[in-house]
Amino acid sequence: MADLRVEINKLKLDNPVLTASGTFGYGHEFSDYIDLNRLGGYLVKGTTLHHREGNPYPRMAETPSGMLNAVGLQNKGVDYFIENIYPICSQYSSKAIVNVSGSCIDDYVACTEKIAALDKIEAIELNISCPNVKQGGMAFGTCPKSAEDVVAAVRKVYPKTLIVKLSPNVTDITEIARAAEAAGADSVSLINTLLGMAVNAETRKPILSTVTGGLSGAAVKPIALRMVWQTYKSVKIPVIGLGGIMNATDAIEFLLAGATAIQIGTANFIDPQITVKVVDGINEYLDRQGCKSVNEIIGGLIL
Amino acid sequence: MIKKNVLDMIVIDNQELSNNYFLLKLAPVDSSQSLPYAEAGQFVEIRVDKSPTTFLRRPISINFIDFDNNELWLLIQKIGDGTKALSQLKISDTLNIIYPLGNSFGLPEAQKSKLVLVGGGVGVAPMLYLGKVLFEKGYTPDFLLGFRSSSDIVLMDEFKKYGNVHITTEDGSFGEKGYVTNHSLLNEPIQKIFTCGPKPMMMAVAKYAKENSIECEVSLENTMACGFGVCLCCVEKTTEGHVCVCSDGPIFNIEKLTWQI
Ligand SMILES: Cc1cc2nc3c(=O)[nH]c(=O)nc-3n(C[C@H](O)[C@H](O)[C@H](O)COP(=O)(O)OP(=O)(O)OC[C@H]3O[C@@H](n4cnc5c(N)ncnc54)[C@H](O)[C@@H]3O)c2cc1C
Ligand SMILES: Cc1cc2nc3c(=O)[nH]c(=O)nc-3n(C[C@H](O)[C@H](O)[C@H](O)COP(=O)(O)O)c2cc1C
Ligand code: FES
């Protein structure tokens with residue numbers, strides 16, 4: 001049994017396996033399937049200052065080895081989270097991390113301030129990369145200046161671990177990662193979904209109500225892995241890797257490419273028990289490779 | 001709330017029926033495990049390992065549960081790659097399901113009331129198990145099943161075990177000619193209608209129910225990614241805003257929907 005503990009700045013995780021925001025609900029939905037306490041942590045769904053209805057149906061299209069979504073950050077707002085969900089999250093030892101989204105800097109800051117007051121939430125993930133909202137979201141994450149502005153503003157009000165989630169829909173993701181680091185981010189997570197599109201040839205209509213949406217699942221893995229590697233080499237803060245992780249081997253590839261922790265997203269839909277299987281798989285791999293700690297393989301790609 | 005189970009199942013039987021329908025009978029691989037209880041209207045999510053182009057699980061209604069023989073029945077129509085791969089499963093092949101998912105049909109109090117279970121096409125699937133549950137509670141449900149032609153009719157003998165069966169075919173080759181909403185049964189006083197089928201059919205049934213002040217529940221089939229309320233892809237617009245068809249549904253009272261009927 002290898003030591004699976006990793007640290008993302010002040011945030012101490014029992015193992016590097018987290019879940020991706022928007023694919024794991026509020027966590028407790030998985031309690032019939034797995035023991036939530038076996039995860040390093042879990043990212044709750046995108047939370048905004050105010051209630052959001054999200055985009056109209058249809059919001060999903062299956063694509064080769066993946067899917068497009070256009071949910072558009074549907075959620076009941078941060079106050080609902082604090083009153084109704086936070087008490088449930090507090091019952092688990094596994095760490096809940098809130099994914100904070102917004103459409104203007106003031107909203108990001110106001111939402112973060114409310115989360116900062118919650119004792120048991122030790123970190124937030126700032127989502128500056130959602131492709132499915134008209135204003136804000138990804139717009140913040142596709143230009144270094146605006147990324148820096150929003151991260152700096154949130155940093156001022158958030159003393160705990162601040163993770164910034166990056167968009168892959170840019171020419172050079174390392175540029176945005178460095179901007180986030182310069183503005184005080186403790187970690188970057190990547191990737192959010194890739195902008196894509198699906199068409200129904202028979203009806204000649206787009207499948208998604210929003211025409212375009214975010215691609216996730218196995219199909220995006222090579223791109224995500226490449227971006228994690230590039231980012232790992234260009235920033236000093238820990239990188240959290242995600243995008244298309246479907247099994248333990250995929251997760252290990254991200255760790256080797258430089259991720260200190262990984263997130264599992266779309267794979268939860270196909271196998272709701274995949275997260276604990278990945279924890280076990282990483283452990284078996286480390287034993288097989290004769291490693292005492294998972295930290296020995298992080299960034300351990302042999303060139 | 002009924003616990004959701006991830007189960008490995010073994011194929012007991014896979015019968016080709018008419019019109020691209022097939023009846024898949026499954027039992028737990030671990031034969032010492034009895035199928036947990038499920039309510040009428042609930043569904044399963046099947047992982048289709050044998051189809052490389054099928055990435056997500058496929059939602060399929062519970063057609064019937066034979067608790068005595070520990071069997072789960074699914075009535076499936078071949079639509080695309082996923083359902084085609086399921087149709088090719090052989091006896092003793094295995095597959096993984098999540099069971100059971102979703103809410104259930106609301107059963108009325110008074111047992112004398114006339115309950116009509118309207119199914120169209122493969123939408124007849126959940127009506128068999130609903131009929132059985134109602135029958136066991138002392139009701140005599142009326143099944144009103146619509147098909148395109150007599151050759152499409154499926155599971156007739158099964159339905160007959162639990163209630164009165166009324167058929168419509170579009171070409172008039174069996175039962176009354178036309179759509180379910182034209183059937184003479186609907187002229188009688190009815191307390192509640194349950195319906196599942198193509199959306200235009202359900203809308204017509206819902207409209208009829210609304211105009212005649214009959215309580216009505218519909219089973220929706222919005223496209224799904226997870227099937228258990230975490231991705232928010234399957235939403236239906238209701239009087240309470242967007243709700244998930246997979247976890248708040250698939251059964252909805254028509255009063256809650258925002259359909260223009
Ligand atoms: C709660 C629920 C219960 C269901 N119960 C049954 C059942 O008991 N028996 C049964 O045969 N089917 C049922 N369905 C529908 C079934 O899930 C789909 O037919 C199946 O997923 C199609 O998969 P495929 O890979 O064969 O086809 P795909 O390749 O996925 O699709 C083929 C074509 O059908 C369209 N399509 C697929 N699914 C849907 C959908 N849900 N709504 C509208 N268009 C769609 C696609 O856009 C595509 O054009 C149910 C669906 C839901 C949501
Ligand atoms: C249905 C769905 C909803 C999502 N919602 C969010 C969200 O609210 N916030 C966010 O930062 N990312 C969201 N994402 C992106 C995922 O967290 C993740 O970055 C992406 O799916 C890539 O990982 P995967 O391939 O493992 O799914 C969502 C993804 C999906 C599929
Ligand atoms: S299909 Fe994921 S929430 Fe309904």
Which sequence of A:LYS156, B:LYS160 reflects their accessible areas, 1.4 Å probe, from the largest down? A:LYS156, B:LYS160
Which pairs break 19 Å Cα to Cα here: B:LYS112/B:LYS137; A:LYS145/A:LYS221; B:LYS132/B:LYS237; A:LYS45/A:LYS76; B:LYS90/B:LYS161? A:LYS145/A:LYS221; B:LYS132/B:LYS237; B:LYS90/B:LYS161
Could you tell me which of rounded, prolate or oblate describes chain A, using a ≥ b ≥ c as the square roots of the eigenvalues of the alpha-carbon gyration tensor, with rounded for a/c under 1.5 and, failing that, prolate when a/b is larger than b/c and oblate otherwise? rounded
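Assuming R0 = 51 Å, can you tell me the calculated FRET efficiency for the pair B:TYR37 and A:LYS145, based on Cβ-Cβ distance, to the nearest 0.05?
0.30
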Accessible area expressed per residue, segment A:3-47, with surrounding protein chains retained (probe 1.4 Å, Å²): 30 Å²
Rounded to the nearest Å, what's the spacing between the alpha carbon centres of segment A:219-245 and segment A:271-287? Just the number, please. 20 Å
Computed accessible area, A:ASP107, all protein chains, 1.4 angstrom probe, square angstrom: 40 Å²
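Let me make sure I get this right: for the protein assembly as shown, a, b and c are the square roots of the gyration tensor eigenvalues over alpha carbons, sorted descending. Under 1.5 in a/c it's rounded, otherwise prolate if a/b > b/c, else oblate. Which is it?
Prolate shape, in that a/c is at least 1.5 and a/b is the bigger ratio.
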Between 0 and 90 degrees, rounded to the nearest ten: what's the tilt of helix B:125-136 against the longest Cα principal axis of chain B? 70 degrees
Can you send over the carbon and sulfur percentage of the accessible area for segment A:30-116, probe radius 1.4 Å, protein chains only? 50 percent
For B:ASP8 and A:ALA153, what does the FRET efficiency come to when R0 = 56 Å and r is the distance between their Cβ atoms, rounded to the nearest 0.05? 0.65
Residues with amide H under 5 Å from that of B:PHE64, placed H, sequence gap 5 or more: B:TRP73
Only Cα pairs under 8 Å and at least 6 apart count here; give the relative contact order of chain A as a rounded whole percent. 21 percent
Give a quick list of trypsin sites (Lys or Arg not before Pro) in segment A:209-241 that DSSP marks as loop, anything other than H, G, I, E or B, with at most 10 other Cβ atoms within 10 Å. A:LYS236
Show the residues, 5+ positions off or on another chain, whose built amide H is closer than 5 Å to the amide H of A:HIS50. A:VAL78
So how much accessible surface do A and B hide from each other in total, probe 1.4 Å, in square angstrom to the nearest 100? 2500 Å²
Tell me what chain A gives for mean residue ellipticity at 222 nm when only DSSP H runs of n ≥ 4 count, each as -39,500 (n - 2.57), the sum divided by the residue total, rounded to 500 deg cm²/dmol. -8000 deg cm²/dmol
Chain B - percent relative contact order, Cα under 8 Å, separation 6 or more: 17 percent
Take the alpha-carbon centre of segment B:61-106, take the same for segment A:34-97, and report the distance between them in whole Å. 29 Å
Compute the helix-to-body angle for B:199-211: its Cα long axis versus the longest principal axis of chain B, expressed 0 to 90° and rounded to tens. 40 degrees
Rank these by accessible area, largest first, 1.4 Å probe: B:LYS132, B:LYS3. B:LYS3, B:LYS132
Which distance in Å, rounded to a whole number, links the C-alpha centroids of segment B:211-229 and segment B:145-184? 22 Å
For the protein assembly as shown, what proportion of DSSP beta bridges, expressed in % and rounded to the nearest 5, is antiparallel? 55 percent
Cross-link partners among aspartates and glutamates for B:LYS160, C-alpha distance below 12 Å, same-chain residues fewer than 8 apart left out? B:ASP142
Need the per-residue list for segment A:26-40: every residue with at least 30 Å² less accessible surface in the complex of protein chains than in the chain by itself, probe 1.4 Å, sorted by number. A:GLU29, A:ASP32, A:TYR33
Quote the relative contact order of segment B:115-219 in percent (integer), defining contacts as alpha-carbon pairs under 8 Å separated by 6+ residues. 28 percent
Can you list the HN-Hα couplings for segment B:250-261, worked out from phi with the Karplus curve (6.51, -1.76, 1.60; θ = phi - 60°), rounded to whole Hz and with x for Gly and Pro? x, 8, 10, 6, 4, 4, 7, 8, 10, 4, 7, 10
If N is the number of residues in segment B:115-219, what value comes out of its Cα radius of gyration divided by 2.2 N^0.38 Å? 0.96
If amide H atoms are built 1.01 Å from N in the plane of the peptide, which residues on other chains or at least 5 residues away come under 5 Å of the amide H of B:VAL235? B:VAL245
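The values are calculated or read from the model by the stated rules, or taken from the named source; none is laboratory data. No experiment lies behind these values; they were computed from the predicted model shown. Heads up, the Cβs are rebuilt from the backbone with ideal geometry, glycines too, and the neighbour counts pull from every protein chain shown. Surface areas here come from the heavy atoms of the whole protein model, side chains and all, with no ligands, DNA or RNA. Shrake-Rupley method; radii C 1.70, N 1.55, O 1.52, S 1.80 Å.
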